[in-house]
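Colleague: Before I ask anything, let me first share the structure, which is written out below as structure tokens.
The values are calculated or read from the model by the stated rules, or taken from the named source; none is laboratory data. All values reported here derive from a predicted model rather than from experimental measurement. Cβ placement follows ideal geometry from the backbone for every residue including glycine, while neighbour counts extend to all protein chains displayed.
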């Protein structure tokens, strides 16, 4: 999460909601998880799974090879080498359900590399998301 001292966080979150609504298919938040995590959840296309944590606008990952997604999101190299899953949030997080995280060009967590600059938010609630795509090793989202 980014430092928010001196920022009008309520206004920023209002602008984020407007951004999501502008083009829900492309701007709306999605969660990317590894194939191993997806398997542990019994994920299959169309299944609804509660998610939290880092999310990103779909347009930054849709149609991209998993190795590129790792770089965009600032994941550890090989984290998606076994495959991955794209989960689309079934509703937008309410302002009290997400925190500002800035862009992936600044590592979100210690030990992770900086990404290529996609937006990101941290969902601090459990929000239902539908498994939209499962991609095998070397696949694309």
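Colleague: Only residues that are surrounded by fewer than 11 Cβ atoms within 10 Å (Cβ to Cβ) and at negative phi: list them for the range 1-14, please.
Modeller: Those that are surrounded by fewer than 11 Cβ atoms within 10 Å (Cβ to Cβ) and at negative phi: 3, 5, 8, 10, 11.
Colleague: Right, something else. What pairs come up if the first residue lies in the range 59-80 and is part of a helix (DSSP H, G or I), the second is modelled with pLDDT under 95, and their beta carbons are under 6 Å apart, counting only those six or more places apart or on different chains?
Modeller: The qualifying pairs are 60/118; 71/116; 72/115; 72/116; 72/118; 73/104; 73/115.
Colleague: Still on this model: How many of the residues in the range 81-98 are out of contact with any helix residue (DSSP H, G or I) (no Cβ under 8 Å at 6 or more places or on another chain) and either at pLDDT below 95 or part of a loop (DSSP other than H, G, I, E, B) (or both)?
Modeller: Final tally of qualifying residues: 4.
Colleague: Now a separate question. Which members of the range 25-58 meet the condition of being surrounded by 11 or more Cβ atoms within 10 Å (Cβ to Cβ), in a helix (DSSP H, G or I) and touching a residue at least 12 places away in the same chain (Cβ under 8 Å)?
Modeller: Residues satisfying the conditions are 26, 27, 35, 36, 37, 38, 58.
Colleague: Looking at 125, 129, 101, 108, can you tell me which residue is at pLDDT 95 or above, surrounded by 13 or more Cβ atoms within 10 Å (Cβ to Cβ) and touching a strand residue (DSSP E or B) at 6+ places or on another chain (Cβ under 8 Å)?
Modeller: Testing whether each residue is at pLDDT 95 or above, surrounded by 13 or more Cβ atoms within 10 Å (Cβ to Cβ) and touching a strand residue (DSSP E or B) at 6+ places or on another chain (Cβ under 8 Å) leaves just 129.
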